[in-house]
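The values are calculated or read from the model by the stated rules, or taken from the named source; none is laboratory data. Since the structure is predicted, the reported quantities are computational estimates derived from the model, not experimental observations. When we count neighbours, we look across all protein chains shown, and the Cβ atoms used for this are built from the backbone with ideal geometry, even at glycine. When the accessible area is computed, the model is the full protein with side chains, heavy atoms only, and any ligands, DNA or RNA have been set aside. Shrake-Rupley method; radii C 1.70, N 1.55, O 1.52, S 1.80 Å.
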Amino acid sequence: MKTLTRQLLFGSALTTVFLVFFLFFNWKESTCELLIATPYFIVIYFLIFNLGQPEVNQHIREYLHLGNEKVLIFPVFLLFLLFSYLIIHGETPFEGSAGLFAFLLLFPVLMFLSFKKTKIVWSDFVILLLFLIPATIVSYKGNTSLPYKGNGFSSIYKITLILSAAYAFGVVRRIQDIGFYPIFNLKFLGIAVFSWLSFLGFVFIIGLVYDFIVPNPFESFSVGGIPSAVKELIRVFIGTALFEELFFRGLIQNMLAKKIGQQGNWQKYWFVGLGIFLILSLITGYALNKELFWFPSLICILLFAAAYFIEKKQVSNYGIYTAMAITSIFFGLVHYHAGSIIFVGLASVAGWAYGFTYLKTKNVFYAALVHTLVNTCEFLFVLDGLK
């Protein structure tokens, strides 16, 4: 009970800190809008910082065990938060593709409730993709950011996806080691900084070759810009990094590593993974830049080679680096939308840094921290120029 109380207090303290930042950055909003947005902010950020806490998670599982129908309480509550926020602002949440969102949100919970499994099975990945892909293309007519049409850290819609995934896979499906909870650990922080600096070193070398290094990266720095920088860090952390790291590292990499470990044959996954993603990398490279088509493929080979040599030296936990290589290349290829072949390759390398951080900490918040630091380093490299 003491551990549970300590975790809840820590989550509450973080919620309070973020609330202070929220009010500071939005004090120019109308009083009416802040009175509406603040309670929503407190609830959803309290859930972000507490839902995945080990003791909180365990207590929720024990409560749900008393009746299967209770698993629907949380996703219905999330729908209430999202829909009520839109309705208060005069929008309808049931127009177009948005009308299907309620079914998408309930889908993974109902599937896990109907087909209970103990080991990781391929249907877990199918359920994840059938939930994630349609949900991310749902479009609401109104604006779900906090405050409404304001300049907040993220939207209720995106946070709803984060919380529903953490709940469905972590609580209902009971997948271990998702790591969706904040914790202060100096060792973990050191691992995150090491991963970030390692990535910067790699990009610096590539940058010298392809000439996209900023000569005077701190030239535009000013003390007056610090508040804006802090706001951008929080926005990237909540709105982008935490979302992507939960799905790519906490779920895909985590489940794939467990699946490979269950079958005890990492070589098969390594060869199949290399074959599939090498072909996809070649296709992606050719589509983006015929002169540099080989760059994503080179990154693919390098990451899979690293995974192979590490796996050969492992004495236990076979498959975790193979899963990391597969997830990293997958992560890089989905950045095809950036329109840059160098960007796709570097995103794969960044994915390895995020995956390594998650692997060593078993915590997506630290992986998200590295992700945030990487995303906010454009002042060092002309990343826009790569597109």
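With respect to the stated conditions, residue 265 fails to be open to solvent by 20 Å² or more (accessible area, probe 1.4 Å) and in contact (Cβ under 8 Å) with a residue 40 or more places away in the chain. Condition test on residue 10, is it in contact (Cβ under 8 Å) with a residue 40 or more places away in the chain, among the aromatic types (Phe, Trp, Tyr) and open to solvent by 70 Å² or more (accessible area, probe 1.4 Å)? Yes; evaluated as a whole, the condition is true for this residue.
Scanning the stretch 202-209 for residues that are of a type in the set (Gly, Ala, Ser), assigned to a helix (DSSP H, G or I), out of contact with any helix residue (DSSP H, G or I) (no Cβ under 7 Å at 6 or more places or on another chain) and in contact (Cβ under 8 Å) with a residue 24 or more places away in the chain turns up at least one hit. Listed by first and then second residue, the pairs with beta-carbon distance under 8 Å, at least 6 apart or on different chains, first residue in the stretch 54-75 and over 16 Å from residue 8 (Cα atoms), second loosely packed, with under 13 Cβ neighbours inside 10 Å and not aromatic (Phe, Trp, Tyr), are 63/70; 64/70. Count of the stretch 108-127 residues, restricted to those that are assigned to a helix (DSSP H, G or I) and surrounded by 12 or more Cβ atoms within 10 Å (Cβ to Cβ), is 10. Looking at the stretch 358-378 only, could you name the residues that are open to solvent by 10 Å² or more (accessible area, probe 1.4 Å), in a loop (DSSP other than H, G, I, E, B) and in contact (Cβ under 8 Å) with a residue 24 or more places away in the chain? Residues satisfying the conditions are 362, 376.
Residue-level check: of (1) over 24 Å from residue 251 (Cβ atoms); (2) small (Gly, Ala, Ser); (3) touching a Phe, Trp or Tyr at 6+ places or on another chain (Cβ under 9 Å), residue 30 misses just (3). Residues that are more than 23 Å from residue 40 (Cα to Cα), open to solvent by 10 Å² or more (accessible area, probe 1.4 Å) and either without any contact (Cβ under 8 Å) to a residue 12 or more places away in the chain or among the aliphatic types (A, V, I, L, M) (or both) within the stretch 128-173 comprise 129, 130, 132, 133, 137, 172, listed in sequence order. With the structure loaded, tell me whether residue 326 is under 22 Å from residue 122 (Cα atoms), of a type in the set (Val, Ile, Thr), at pLDDT 95 or above and under 25 Å from the mean Cα position of the chain (by Cα) or whether it fails that test. So residue 326 fits the description; yes. Provide a single number: the residues in the stretch 18-44 that are surrounded by 12 or more Cβ atoms within 10 Å (Cβ to Cβ) and in a helix (DSSP H, G or I). Qualifying residue count, the stretch 18-44: 16.
Going through (1) at pLDDT below 95; (2) open to solvent by 20 Å² or more (accessible area, probe 1.4 Å) one by one, residue 295 falls short only on (2). Restricted to the stretch 332-342, and to residues there that are more than 16 Å from residue 204 (Cβ to Cβ) and part of a helix (DSSP H, G or I), the residue that is farthest from the chain's Cα centre (by Cα) is 341. Within the stretch 144-170, the set of residues being basic (Lys, Arg) and part of a loop (DSSP other than H, G, I, E, B) comprises 149 only.
Among the residues of the stretch 84-104, those that are open to solvent by less than 30 Å² (accessible area, probe 1.4 Å) and under 20 Å from residue 41 (Cα atoms) comprise 84, 85, 86, 93.
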